[in-house]
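The values are calculated or read from the model by the stated rules, or taken from the named source; none is laboratory data. All values reported here derive from a predicted model rather than from experimental measurement. No Cβ is skipped: glycine too gets one built from the backbone with ideal geometry, and neighbour counts run over all protein chains shown. Accessible surface is based on the protein model in full, side chains and every heavy atom, while ligands, DNA and RNA are left aside. Shrake-Rupley method; radii C 1.70, N 1.55, O 1.52, S 1.80 Å.
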Amino acid sequence: MAERTPDAQRLRDLARLRRVRDRIDREHARPLDVEALARGVGMSAGHLSRRFKLAYGESPYS
């Protein structure tokens, strides 16, 4: 059974955010599509943007 503590959720979110950041780095020459990035990790675009800014201190667009 998956652990549902706040710490476990935070770690899962950080892993998903890392995948997003890696994808942004790999595809830096292409236009940024936050909706597609969010879909790829199972988040809404708004949630992804907020969590990304909390984790990295900048928005995905930066």
Here the residues within region 33-47 that are assigned to a loop (DSSP other than H, G, I, E, B), within 11 Å of the chain's Cα centre (by Cα) and of a type outside the set (A, V, I, L, M, F, W, C) are G42, S44
Matching residues in region 1-20 (out of contact with any Gly (no Cβ under 8 Å at 6 or more places or on another chain), open to solvent by 60 Å² or more (accessible area, probe 1.4 Å) and modelled with pLDDT of 95 or more) number 1
Going through region 1-26 in order, the residues found to be under 15 Å from the mean Cα position of the chain (by Cα) and not in a helix (DSSP H, G or I) are none
The condition of being among the basic types (K, R), free of Cβ contacts under 8 Å to residues at least 12 places away in the same chain and in a helix (DSSP H, G or I) holds, among R30, R50, only for R50
All-but-one check, D33 against (1) within 21 Å of R10 (Cα to Cα); (2) surrounded by 12 or more Cβ atoms within 10 Å (Cβ to Cβ); (3) out of contact with any Leu (no Cβ under 9 Å at 6 or more places or on another chain), failing number (1)
